[in-house]
Structure formats: structure tokens, C-alpha cells
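Values in this text are rule-based calculations from the coordinates and carry no lab data. These figures come from a predicted structure and were not determined experimentally. All Cβ positions, glycine included, derive from the backbone under ideal geometry; neighbour counts span all protein chains shown.
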Amino acid sequence: MTAAPEYLTSLLASYAREPPKTRPFVTLTFAQSLDGKIAGTAGKQLALSGHESLVMTHWLRTLHDAILVGSGTALNDDPQLNSALAFTLAFLSTSKRALDYGCPQRAKLLRNYALGSGAGRQPWVVSRRDADPEWETRRQALEKAGARVLVLPAELESRSSIAALLSLLRTEGIRSLMVEGGAQIITAFFGASDTCVDTVLITTAPVLIGASGVSYKVPEVRFTSPLFFFSPH
Ligand SMILES: NC(=O)C1=CN([C@@H]2O[C@H](COP(=O)(O)OP(=O)(O)OC[C@H]3O[C@@H](n4cnc5c(N)ncnc54)[C@H](OP(=O)(O)O)[C@@H]3O)[C@@H](O)[C@H]2O)C=CC1
Ligand SMILES: Nc1nc(O)c(N)c(N[C@@H]2O[C@H](COP(=O)(O)O)[C@@H](O)[C@H]2O)n1
């Protein structure tokens with residue numbers, strides 16, 4: 001397929017407009033089981049999406065300026081976040097733990113970038129500055145390995161972490177953001193007090209995982225954006 005499917009381009013048609021001044025357009029999208037689990041016991045990565053859904057996810061990656069995952073997902077899954085179809089740009093997290101993601105032998109995002117073959121763009125890591133001297137050492141190591149570390153500016157510290165993060169990304173020229181997870185990040189976006197999600201797209205797989213699986217929460221149902229479910233998987 002050489003062009004994105006019409007159902008996705010029409011879903012995201014409004015993203016062609018100028019995004020809000022304080023944030024990019026945001027698509028929250030992930031795959032879950034019938035009992036609402038996004039991963040197995042102890043975070044075991046699960047292939048919940050089937051072929052059709054993965055094609056959709058890869059197209060979605062090409063239709064956004066950037067992809068966000070939490071440091072938990074980055075460290076647990078070591079994802080590629082690229083696409084069989086085009087380039088993507090990735091963010092990892094908003095905190096210090098993500099600075100552990102600095103070993104190019106292990107980190108697929110850094111390896112993709114280092115290959116310079118068009119397989120991936122430079123990963124960005126968003127972090128809060130930390131007084132611990134170790135923070136600076138880890139920042140330098142991660143940048144040496146090929147990432148760009150963005151530090152949340154002090155003036156944004158008083159805002160909720162999601163609003164501050166989105167504001168920073170907008171300032172950096174990101175007009176559309178695809179948020180893939182994991183559980184804490186999904187919960188934080190569902191729970192953010194400011195409206196910050198434009199589209200929610202959930203793939204539901206016809207499987208049950210059980211109580212030991214990883215699940216997200218919807219802290220309060222104040223969410224007004226339309227929900228889309230992708231069931232054929
Ligand atoms: N099925 C699917 O579609 C997907 C499944 N997954 C699964 O999800 C699991 C990982 O989920 P989880 O462990 O919850 O990790 P997350 O990927 O949600 O990352 C959690 C980390 O993100 C940072 N974070 C969380 N909330 C905020 C916030 N409000 N502001 C700033 N930073 C925040 C923190 O980083 P720090 O600790 O560094 O401060 C936190 O530890 C994995 O098992 C993975 O396989 C992941 C993506 C998609
Ligand atoms: N759409 C979707 N379906 C699933 O079944 C999944 N497990 C995920 N996980 C997300 O995709 C990342 C892995 O991507 P790569 O294949 O390495 O590019 C993983 O980290 C989750 O963000 N997504």
C-alpha cells in the first residue's frame with residue numbers, strides 16, 4: 001500500500017489545521033485484550049495486534065510528527081517505533097529513568113538512528129533536570145549514544161507533567177503526536193486535567209489475559225473526544 005488508508009486520513013483530517021498553541025494534536029492508541037490488559041504478567045510484551053492492526057499502527061506512525069512512549073515501555077520492550085512504510089521520530093519519557101536507555105547495542109531506537117539508513121530518526125528523551133550529579137553523566141552518555149535529551153524548562157515545572165511535556169514538544173515544532181503507551185502513560189493522558197487528547201484509537205484483541213496482566217486506568221470519565229475501536233485484528 002503506497003498511501004495511507006482513507007479511514008485513517010479522514011479520521012485525522014482535522015490535524016491539517018493549525019494545532020493549538022500549547023500542544024500538538026494528540027492521538028492515543030494502543031492494543032488491549034478483552035479484559036483490558038495491554039501486556040502480560042510482569043510486563044511481558046504481547047502481540048495483541050494482528051496483521052491489519054499492525055499495518056494501521058505503522059501508517060499511524062507515518063501520519064504523526066512524533067511518537068511517545070514512557071520509559072517503562074522503552075526499557076521493557078526496547079521498541080523500534082519505526083515503520084515498514086516511512087520514517088518516524090520517537091520520544092521516550094519524561095524522567096531520569098529513561099536516561100538508562102543509553103546502550104546502542106541494546107537500544108533499537110539508537111541503533112536505527114546510528115545506521116543512517118533511513119530506518120529511524122534521532123530519538124528524543126524528555127527529562128526533568130535532577131540535582132543528582134549522576135543525571136548529568138547519564139544525559140551525556142545518552143547524547144553520545146545518539147539521542148537528543150530535552151529538559152523540561154523550569155517555567156513549566158508548575159504545570160502537570162503531561163501539559164508541560166506537550167507544551168515543550170509544541171515549542172520544538174511537533175504538530176502531531178502519537179502516544180502508544182504504556183500503562184502509566186495511558187493513565188496519565190486519560191487523567192490529564194487539561195484537554196490534551198484529540199483521538200483515541202484502541203485495537204481490541206479477542207483474547208483474555210487474566211488478572212496478572214498489565215492494565216491502565218481511566219481515573220475519571222471526563223473524556224469527550226470520540227473513541228474508535230479497531231476490532232478485526
Ligand atoms: N499493548 C500496547 O499497545 C502497549 C503495551 N505496552 C506495555 O506497557 C508496559 C509498560 O507500561 P508501564 O510500565 O506502565 O510504563 P510506561 O511506558 O507507561 O512508562 C512509565 C514511566 O513513564 C513516566 N511517566 C508516567 N507518567 C508520567 C507523567 N504523568 N509524567 C511524566 N512521566 C510519566 C515515568 O517515567 P520514570 O519512571 O522514568 O520517571 C514512568 O515510570 C509494557 O509491558 C509494554 O509492553 C506499551 C505500549 C503499548
Ligand atoms: N499496536 C500495538 N499492538 C500490540 O499488540 C503491541 N504489543 C503494541 N505495542 C507497542 O508497539 C511497540 C513495539 O513496536 P516495534 O514493533 O518495536 O516497532 C511497543 O513498545 C508498544 O509501544 N502495539
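Computed from the alpha carbon positions, the gyration tensor of the chain leads to an equivalent ellipsoid with semi-axes of 26, 20, 20 Å, biggest first. In the stretch 1-81, Cα pairs under 8 Å separated by at least six residues give a relative contact order of 20 percent.
Modelled this way, with points 7 Å down the Cα-to-C-beta line, the labels at residue 10 and residue 195 are 2.3 nm from one another.
For the pair residue 54 and residue 129 in one chain, pulling the backbone fully straight at 0.36 nm per residue adds 23.4 nm over the alpha carbon distance. The order of 190, 228, going from fewest to most other C-beta atoms within 10 Å of their C-beta, is 228, 190. Summary of packing: across the peptides 125-135, 199-209, 172-182, the per-residue average of other C-beta atoms within 10 Å ranks them, highest first, as 172-182, 199-209, 125-135.
Antiparallel DSSP bridges in the chain: what percent, to the nearest 5? Restricted to the chain, the bridges split so that about 5 percent are antiparallel. Legend: ranking of residues 10, 53 from fewest to most surrounding C-beta atoms inside 10 Å; resulting order 10, 53. Ranked by how many other Cβ atoms sit within 10 Å of their own Cβ, fewest first, the residues 139, 17, 23, 148 fall in the order 17, 148, 139, 23. In plain terms, the chain from residue 42 to residue 143 could stretch by 33.4 nm, reckoned as 0.36 nm per residue minus the Cα-Cα distance. Cβ-Cβ distance of residue 18 and residue 161, R₀ of 30 Å, FRET efficiency by 1/(1 + (r/R0)^6): the value works out to about 0.75. Can you classify the stretch 119-221 as rounded, prolate or oblate using the Cα gyration tensor, where a ≥ b ≥ c are the square roots of its eigenvalues, rounded means a/c under 1.5, and otherwise it's prolate if a/b beats b/c and oblate if not? Cα axes put the stretch 119-221 in the prolate bin. Take every pair of alpha-carbon atoms less than 8 Å apart whose residues are at least six positions apart; their mean separation over the length of the chain yields a relative contact order of 32 percent.
Among the listed pairs 21/217; 44/144; 37/217, those with a Cα-Cα distance over 22 Å are 21/217; 44/144.
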